[in-house]
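These notes are about the structure you will find just below.
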Amino acid sequence: MLTSPPPLPILCCGPTPALQRALRFSDWESDSDVVRTSEVELSVGGKATNAARAISCAGGEATLLSFAGGAVGNRIKSLLTDEGLNGVWVDTRAETRTCQTLLNEDGSRIRELVENALPVTLHEWGEYFAKVEQAIPFHAGLLLCGSLPEGSPPDVYGTLTEIAHLAGKPVGVDAKGAELLATLHREPEFVKINREELRTSTGKDEIQEGMKALSSQGVQHVMITDGPHPACLQSGRKRWEFILPEIHAVNPIGGGDTVTGVTFQKLIQHAKPKDAASAGLAAGLAQTLTAHPAIFDASDASRLETSILCRKG
């Protein structure tokens, strides 16, 4: 009996991964100069890592393509292998960054300490482009996530979008400002950002006007999230607004990245845009019920999806 080949994985490009240290404090309100943690957990952070993790949780496959440098770079390679996520690495002399997540005992209060990524060389960028060219024919699409290391060429994401399109693969973008704008004249198929990133990138205060500005430049599907507030999707001339149910979030970090990964995955699987967005939002909500970024229970996502109210905008 002939069987269909397995679906291709999604290539998630995030040039700025991080070793994520989550530190939990039993006495958040302490005014002492020395406060001891009750728990420390290590994982790999970064928007592309979270998107790849969420795609895996949703039953798909993803490959993370990123830089890794120094002892921290070796540590994140090992952690991702232990987690079962596929990684393709460009070694760099720039030490991979470490970011800290501070949480109180029950996770209701969170603060992120984000370290900027160190610059990489033009030669190392050349290696990165070459690895994307080698990998993209064996993947279903390219997802570009997050910021770039300081001093990077301004058109990095534009070049990567062109590489994917030359291979006949769709592109999704979750980035803001110059990184996002560099892709627009190459017309990525999907853009997902939050409301503040929309304002930063387009100068538009109103979501509808900002989505229109991106769509007018050739983006097929524009999705805007706004925390617990309604999310919006524009697909061609059609618009939808999604009213989210109230939930008790344990850890919201990684929620937006989860929405990005799962929505792009569903679009590649030819789901209707409205249904793809609803599935992505449900996954994003479900992951906030767990302590771990971009990890969620599929049954929670299915249950929450039925509680999302969708109406034409």
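Tabulated values for the structure
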| item | result |
| --- | --- |
| Where Ile76 falls short, out of the listed (1) under 30 Å from Asp297 (Cβ atoms); (2) touching a Pro at 6+ places or on another chain (Cβ under 8 Å); (3) at pLDDT 95 or above; (4) surrounded by fewer than 21 Cβ atoms within 10 Å (Cβ to Cβ) | (4) |
| Scope the range 79-102; condition over 25 Å from Glu39 (Cβ atoms), β-branched (Val, Ile, Thr) and surrounded by fewer than 20 Cβ atoms within 10 Å (Cβ to Cβ); matching residues | Val88 |
| Residues within the range 176-190 that are touching a helix residue (DSSP H, G or I) at 6+ places or on another chain (Cβ under 6 Å) and among the hydrophobic types (A, V, I, L, M, F, W, C), tallied | 3 |
| Residue within the range 161-184 that is without any contact (Cβ under 8 Å) to a residue 24 or more places away in the chain, in a loop (DSSP other than H, G, I, E, B) and of a type outside the set (S, T, N, Q) present | yes |
| Criterion (among the small types (Gly, Ala, Ser), in contact (Cβ under 8 Å) with a residue 60 or more places away in the chain, farther than 16 Å from Gly14 by Cα and touching a strand residue (DSSP E or B) at 6+ places or on another chain (Cβ under 8 Å)) met by exactly one of Ala140, Ala135 | Ala140 |
| Single match in Ala51, Ala62, Ala68 (criterion: surrounded by 24 or more Cβ atoms within 10 Å (Cβ to Cβ), in contact with a helix residue (DSSP H, G or I) (Cβ under 7 Å, 6 or more places away or on another chain), over 30 Å from Asn104 (Cβ atoms) and in contact (Cβ under 8 Å) with a residue 40 or more places away in the chain) | Ala62 |
| The range 251-287: number of residues that are over 17 Å from Lys192 (Cα atoms) and buried (at least 23 other Cβ atoms within 10 Å of the Cβ) | 2 |
| Leu85, sole failed condition from (1) within 20 Å of Val259 (Cβ to Cβ); (2) touching a residue at least 60 places away in the same chain (Cβ under 8 Å) | (2) |
| Count of the range 248-304 residues which are of a type outside the set (Lys, Arg), out of contact with any His (no Cβ under 6 Å at 6 or more places or on another chain) and assigned to a helix (DSSP H, G or I) | 32 |
| Total residues in the range 235-255, condition over 19 Å from the mean Cα position of the chain (by Cα) and under 19 Å from Asp275 (Cα atoms) | 11 |
| Scope the range 185-197; condition assigned to a strand (DSSP E or B) and either over 16 Å from the mean Cα position of the chain (by Cα) or of a type outside the set (S, T, N, Q) (or both); matching residues | Phe190, Val191, Lys192, Ile193 |
| Qualifying positions in the range 103-144 - over 13 Å from Phe67 (Cβ atoms), modelled with pLDDT of 95 or more and surrounded by 15 or more Cβ atoms within 10 Å (Cβ to Cβ) | Ala135, Ile136, His139, Ala140, Gly141, Leu142, Leu143, Leu144 |
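The values are calculated or read from the model by the stated rules, or taken from the named source; none is laboratory data. Because the structure is a prediction, the values reported are computed rather than measured. Cβ atoms come from the backbone with ideal geometry, glycine included; neighbour counts cover every protein chain shown.
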